[in-house]
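The structure appears right after this line, and notes come after that.
Each reported figure results from applying straightforward, stated rules to the coordinates on display, with no laboratory input. Because the structure is a prediction, the values reported are computed rather than measured. Every residue, glycine among them, receives a Cβ derived from its backbone with ideal geometry; neighbour counts consider all protein chains shown.
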Amino acid sequence: MTGGPAPFDEQRDALAKRLQAVDGLLVLLDFDGTLAPIADRPDAVALPDATGDALADLRDARGVRVGVVSGRGLADLRDLVDVEGVAYAGNHGLELRVDGETRYPVGSDFRGTIERVVADVDARLTDVDGAFVEDKGVTASVHYRLAADEDVPTVERAVRTAAEDVDDVRVTAGKAVLELRPDVDWDKGRATRWLYDRWVPDDEAWSAVYVGDDRTDEDAFRALPDAGFGVAVGRDAETAADYHVPDTDAVREVLRWLADRGVEMVDADPDDPSTSRRP
């Protein structure tokens, strides 16, 4: 957007008015760096209790559906968030757990191919300290946050060399991580639209908010419907998001505002002073 995303805190009144014009609200969030602070190793990340409470409150609100969309594997994501009744989209949406059902929209046949590429990358990184491969079944992540700066080109070369002759695998980049993913037309943006189309009744207009911190979340920002808005975490430039917040603590405040104030505005009467004048 022109001029970069606006600070979320400065736009609450305008957002409250926008929510009065919709019938419901879909809230989708990335996990690492959004709901929970990033850690050096993926197994060291934990969801703050207060953030989980805000998710649960949103889940229980009338006219609201909640989902977590992450590059993590589905089982890992569900264990870490541990909030029942929300949707989980793992592996960038290649694995979905929605309304008690697990779905694989595309890419489920690529497990064997990913496994072979993972073995190749592992062998190439044997002598590189601080770099390791996380095999997530449908995808894999090669982490190098703990590697020395001078070893990062070696990691990148190893990953791209292992994948270059494999037609069905592509490499994408995130924060100190390279992703090995099936070469299919699916990403967080497609998952966002899939959830919106599944949950929003044909005769209703809902707003959708997506909150994320990484490059892969840009696909979701661009996929939002006209009434939706994106919130970038830790970035105030080079993003398709409409708004920005500084960190995961601020994300929790966004969720708290949506749960305590935003949901009251959905489909509210703009002439009712009990809804239009509260902060």
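Tell me, what is the FRET efficiency for Glu150 and Ala50 to the nearest 0.05, using R0 = 45 angstrom and their Cβ-Cβ distance as r? Present the calculation step by step, with values, prior to reporting the outcome.
On the way: r = 40 Å, r/R0 = 0.88.
Efficiency, rounded to the nearest 0.05: 0.70.
Quick one: Cα centre-to-centre distance for the stretch 1-57 and the stretch 142-187, in angstrom? When both Cα centres are located, 28 Å separates them. Label zone of Val106 (point 7 Å out along Cα→Cβ, amide N under 15 Å): in the stretch 178-222 this covers 181-195, 219-220. For the stretch 94-102, 3J(HN,Hα) computed residue by residue from phi via the Karplus equation (6.51, -1.76, 1.60; θ = phi - 60°) reads 6, 10, 10, 10, 9, 6, x, 10, 9 Hz, glycine and proline entered as x. Semi-axis lengths, largest first, of the ellipsoid equivalent to the chain are 35, 19, 16 Å, with √(5λ) applied to each eigenvalue of the Cα gyration tensor.
For the stretch 1-104, state which GluC sites (Glu not before Pro) are in a DSSP loop and have at most 14 other beta carbons lying within 10 Å of their beta carbon. Write down the numbers at each step before the final one.
Values: sites: Glu10, Glu84, Glu95, Glu101; in loops: Glu84.
Sites meeting the loop and neighbour criteria: Glu84.
Beta bridges assigned by DSSP with both partners in the stretch 147-279 are antiparallel in approximately 45 percent of cases.
Pairwise inverse Cα distances across the stretch 108-182, averaged and inverted, put the Kirkwood hydrodynamic radius at 12.0 Å.
How would Thr34, Thr51 line up from fewest to most surrounding beta-carbon atoms within 10 angstrom?
Values: Thr34 27, Thr51 21.
Result, fewest neighbours first: Thr51, Thr34.
Between helix 152-164 and the chain there is an angle of about 80 degrees, using the helix long axis and the longest principal axis of the Cα atoms. In the chain, the DSSP-assigned H stretches of four residues or longer account for a calculated mean residue ellipticity at 222 nm of -9000 deg cm²/dmol, using -39500 (n - 2.57) per stretch and the full residue count as denominator.
Stretched out straight at 0.36 nm per residue, the stretch from Ala173 to Glu84 would grow longer than its current Cα-Cα span by 29.0 nm. For the stretch 173-252, what is the charge dipole size about the Cα centre, in debye to the nearest 20, if Lys and Arg each add +1 at the Cβ and Asp and Glu each add -1 at the Cβ? Value, rounded to 20: 200 debye.
Distances between placed amide hydrogens fall under 5 Å for Ala208 paired with Leu26, Gly228, Phe229, all partners being 5 or more residues away or on another chain. Subtracting the Cα-Cα distance of Glu115 and Asp202 from 0.36 nm times their residue separation leaves 27.3 nm of extension gain.
Arrange the following residues from fewest to most other Cβ atoms within 10 Å of their Cβ: Ile114, Ile38. Working shown, then result.
Values: Ile114 24, Ile38 19.
Least crowded to most crowded, the residues run Ile38, Ile114.
Distances between placed amide hydrogens fall under 5 Å for Ala87 paired with Val66, Gly67, Val68, all partners being 5 or more residues away or on another chain.
Here Glu10 and Ala227 are evaluated by their C-beta separation; at R0 = 22 Å the FRET efficiency comes out at 0.65.
With both partners inside the chain, how many of the DSSP beta bridges are antiparallel, as a percent to the nearest 5? Counting DSSP beta bridges with both partners in the chain, the antiparallel share is about 45 percent. In terms of other Cβ atoms within 10 Å, Tyr196, Tyr243 run from fewest to most in the order Tyr196, Tyr243.
Given Cβ point charges of +1 (Lys, Arg) and -1 (Asp, Glu) and nothing else, what value in debye, to the nearest 20, does the dipole of the stretch 108-182 about its Cα centre take? Mind dumping the intermediate values first?
Values: 10 positive and 17 negative charges, 55 e Å.
Result for the stretch 108-182 is approximately 260 debye, rounded to the nearest 20.
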